[in-house]
1. Out of GLN209, GLN217, report the one residue that is out of contact with any His (no Cβ under 8 Å at 6 or more places or on another chain), modelled with pLDDT of 95 or more and away from the ligand (no atom under 16 Å from the Cβ).
2. Among the residues of segment 32-40, is there at least one that is over 30 Å from GLN217 (Cα atoms), buried (at least 21 other Cβ atoms within 10 Å of the Cβ) and not aromatic (Phe, Trp, Tyr)?
3. Given the conditions (1) in contact (Cβ under 8 Å) with a residue 60 or more places away in the chain; (2) touching a His at 6+ places or on another chain (Cβ under 9 Å), which single one is not true for SER106?
4. Do the conditions hold for ALA137, that is, is it free of Cβ contacts under 8 Å to residues at least 24 places away in the same chain, within 16 Å of the ligand (Cβ to nearest atom) and of a type in the set (A, V, I, L, M, F, W, C)?
5. Within the bounds of segment 68-76, is there any residue that is crowded, with 19+ Cβ neighbours inside 10 Å and within 16 Å of the ligand (Cβ to nearest atom)?
6. Having 2 or more residues that are under 26 Å from ASP22 (Cα atoms) and in contact with a Phe, Trp or Tyr (Cβ under 6 Å, 6 or more places away or on another chain) is the bar; report the helices (runs of 4 or more DSSP H) wholly within segment 105-223 that clear it.
Amino acid sequence: MSLADLLKKRVELYWAHLKTNDPFNRALLNGTATQAMANHFLVNVRYLVQQTPIHLRKATAKAEKNGEEKLAKFFKLKCREEQGHDRWADSDIAKVNQRRIIESNSEIDPSMKGLVKHIESIIDYDPVHYLAYIFFAEYLCVVAGFEMAEAWEKKCGFPPNSMSVISNHAELDQHHVHEWVDITRDLLDEDKYKAPLLETVEETIKVHQQFYQSCWQGKSHAA
Ligand SMILES: [Fe+2]
């Protein structure tokens with residue numbers, strides 16, 4: 001099986017796990033997510049999205065330093081695509097808090113800072129591994145994003161289009177997924193990188209889950 005297919009399967013399995021076992025995602029899908037949870041999720045996702053162009057520039061520089069021209073070019077193009085996506089989250093946060101029922105908290109959770117550190121350590125280690133993270137993030141948006149955004153509005157009753165930072169990414173990234181077979185074949189040696197990149201995704205999932213746990217705990221803090 002190709003690396004792209006293996007990565008896809010792992011992300012699908014992660015989403016299946018979140019739907020069944022993760023309290024925040026379960027609350028979201030069954031319509032019991034609170035405004036405090038929604039705000040916590042969006043504020044932290046905005047922070048993550050704000051880091052993406054910084055991470056892509058760091059990955060470009062590192063790839064150039066390693067003499068990996070094709071990889072550097074890929075990150076440079078991605079960086080152009082990723083500009084301004086944090087504005088979607090700005091708009092979502094304003095919509096979710098428009099009734100001002102709660103005092104909106106804009107602190108960045110330690111779990112999100114941990115995820116950002118994890119991403120930076122991936123790039124420092126080897127920018128090829130950052131491809132695995134990008135694939136993970138894009139494909140998770142695609143497999144989970146539409147379902148999450150629908151439940152957000154229809155089940156939880158949050159304002160229309162107030163999870164656009166996720167739904168817009170899902171919309172864009174679904175067109176990227178079919179390109180990943182070519183991207184991985186073109187940019188890396190699959191025999192060498194298949195197992196290490198799958199391991200990077202395993203590590204990312206461990207760190208990523210902690211952010212969802214913080215979204216759930218955000219509920220009790222505000223209650
Ligand atoms: Fe983006």
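The values are calculated or read from the model by the stated rules, or taken from the named source; none is laboratory data. Here the structure is a predicted model, which is why all the values come from computation and not from measurement. Note that each Cβ is placed from the backbone with ideal geometry, even for glycine, and that neighbours are counted across all protein chains shown.
1. Only one candidate passes the filter, namely GLN209.
2. no
3. With respect to (1) in contact (Cβ under 8 Å) with a residue 60 or more places away in the chain; (2) touching a His at 6+ places or on another chain (Cβ under 9 Å), SER106 is out only on (2).
4. yes
5. Checked against the condition, which is being crowded, with 19+ Cβ neighbours inside 10 Å and within 16 Å of the ligand (Cβ to nearest atom), segment 68-76 yields at least one hit.
6. Hits in segment 105-223: 110-125, 127-154, 164-177, 190-222.
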